[in-house]
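What follows is calculated from the coordinates using simple rules that are stated; it is not laboratory data. Quick caveat, the model's predicted, so the values are computed rather than measured. Please note: Cβ atoms are built from the backbone with ideal geometry, for glycine as well, and neighbour counts cover all protein chains shown.
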Amino acid sequence: MRPRAPELDAVCEAMRGESQVALTIHENPDSDAVGAAAGMLDLFAKLGVAALLRTDPGVELPLADEFLPAGLVAEGPPPAGATLYALDCGSAERLAVTLGSWQGRIVNIDHHHDNTRFGHLNLVDATASSASQIVCEIAAALALRFSPPAAAALYAGISFDTGHFQHSSTSAATFACCARLVSDGADPNAIYKLLFGRRSLASLRLWARAIGAARPAAGGRALLAPLTAADFAATGASDDETEGIVDALRSVPGVEVAALVRQQGGGARVSLRSEGFDVSAVAALKGGGGHKQAAGFSAAGTVEEVTQWLSTELDERLSTASS
């Protein structure tokens, strides 16, 4: 484990003193957000603190059936008097729950470098591989161990956010956390199969459409793949089956930035990946965010319109960036 930061100790002290808390995560949640939430729910249970994960109606939680305890997810803002623990979210505007008139104390736990420090208490570590890793370090500081289901959820969160330990954010501390989670009951083989080892025929057909439609930009330094509503309808695949496409695009030699632009509701959702270029700066132009090498945003307009805007933006930015 890494040296303890004062903010980590402050969060631990706050957790010990709570009587009722609510947790929330970022909009369009991923496995790291769900893993961090499952881990925190487990820790609060061990501390004897009532806790629920709060989201807006209709928010889809990936792998919730496998990783989130039944009865611990609720819709709507936190109750009056509860502290809100926001996990894996860079800003208050991107929370998965609408706070409305709710006012209360917020504890912000995150690993995004562009986090706005919107909490009354902020534990933001941009060197951590994932929010799940930070939750593991909180547990170590509290001298608590995880239940096997929580350990599995956290291991999945770390594995997901590191691209199964491929990203540069993976460190010795990351593996130390994973070793601790395995000793608490996480099964690496089962989790790998759950995250990366299962693909439906529909998802393979969707991948084929995305890769077949990929178009270069910025003289080949960027590669953009559009997926329309017609593509989803023709293949029968769901949005969560797009996971991994943008990383496959990024693997093409010479491609510095990869983007997947897919239909979502009345607009488009964009996932960006890079090796060294700061894609979070591009995402921020549309109100999105993330990491320098992995970011995303939602935008109004058709898939084609958003793809064209992104192509133009990357042409300009990559032309002025060093090769």
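Starting from 0.36 nm per residue, how many nanometres of slack lie between residue 165 and residue 252 once their C-alpha separation is accounted for? Numbers along the way, then the final one.
Working: separation 87, 0.36 × 87 = 31.32 nm, distance 1.92 nm.
Separation in residues times 0.36 nm, less the Cα-Cα distance, equals 29.4 nm.
Quote the relative contact order of the chain in percent (integer), defining contacts as alpha-carbon pairs under 8 Å separated by 6+ residues.
13
Excluding residue 83 itself, what net charge comes from residues whose Cβ is under 11 Å from its Cβ, given Lys and Arg +1 and Asp and Glu -1?
Local net charge: 0.
What GluC sites (Glu not before Pro) does the range 49-78 have in DSSP loop regions with at most 12 other beta carbons within 10 Å?
60
Just checking the chain: which Cys have no other cysteine's beta-carbon under 4.7 Å?
Among the cysteines of the chain, those whose Cβ sits 4.7 Å or more from every other are 12, 89, 178.
Given R₀ = 41 Å, FRET efficiency for residue 172-residue 300 by Cβ-Cβ distance, to 0.05?
Given R0 = 41 Å and the Cβ-Cβ separation, E is 0.45.
Considering only 201, 249, 23, give the residue with the highest GNM mean-square fluctuation for the chain, with springs between Cα atoms whenever their separation is below 10 Å.
Most flexible of the set in this elastic network: 201.
Check which residues have an amide H placed less than 5 Å from residue 85's amide H, if you skip close sequence neighbours.
22, 23, 24, 107
How far, in degrees from 0 to 90, does helix 6-16 lean away from the longest principal axis of the Cα atoms of the chain, to the nearest 10?
With both axes taken from Cα atoms, the answer is about 60 degrees.
Could you list 56, 110 in order of exposure, starting from the residue whose Cβ has the fewest other Cβ atoms within 10 Å? Before the final figure, lay out each step's value.
Details: 56 14, 110 27.
Fewest to most other Cβ atoms nearby, the residues stand as 56, 110.
Please give the net charge around residue 148, taking every other residue with its beta carbon less than 11 angstrom from that of residue 148, where Lys and Arg add +1 and Asp and Glu add -1.
Within the 11 Å Cβ shell, the charges total -2.
Apply the Karplus parameterisation 6.51 cos²θ - 1.76 cosθ + 1.60, with θ equal to phi minus 60°, to every residue of the range 294-309 and state each ³J(HN,Hα) to the nearest whole Hz, in sequence, with x for glycine and proline.
8, 8, x, 7, 10, 8, 6, x, 6, 4, 5, 5, 5, 4, 5, 4
Using a Gaussian network model of the chain whose springs link C-alpha atoms within less than 10 Å, name the residue from 188, 57, 226 with the highest mean-square fluctuation.
Ranking 188, 57, 226 by mean-square fluctuation puts 57 first.
Under 8 Å for C-alpha pairs, at least 6 residues apart: give me the relative contact order for the range 1-148, rounded to a whole percent.
27 percent.
Is the C-alpha gyration tensor of the range 160-297 telling us rounded, prolate or oblate? Criteria: a/c under 1.5 is rounded; beyond that, a/b larger than b/c is prolate, otherwise oblate.
Since a/c reaches 1.5 but b/c is at least a/b, the shape of the range 160-297 is classed as oblate.
To check you understand DSSP bridge types, tell me what percent of the beta bridges within the chain (both residues inside) are antiparallel, rounded to 5.
Counting only bridges with both partners in the chain, antiparallel ones make up about 45 percent.
Is the shape of the range 6-196 rounded, prolate or oblate, going by the alpha carbon gyration tensor and its root eigenvalues a ≥ b ≥ c, with a/c under 1.5 for rounded and a/b larger than b/c for prolate?
rounded
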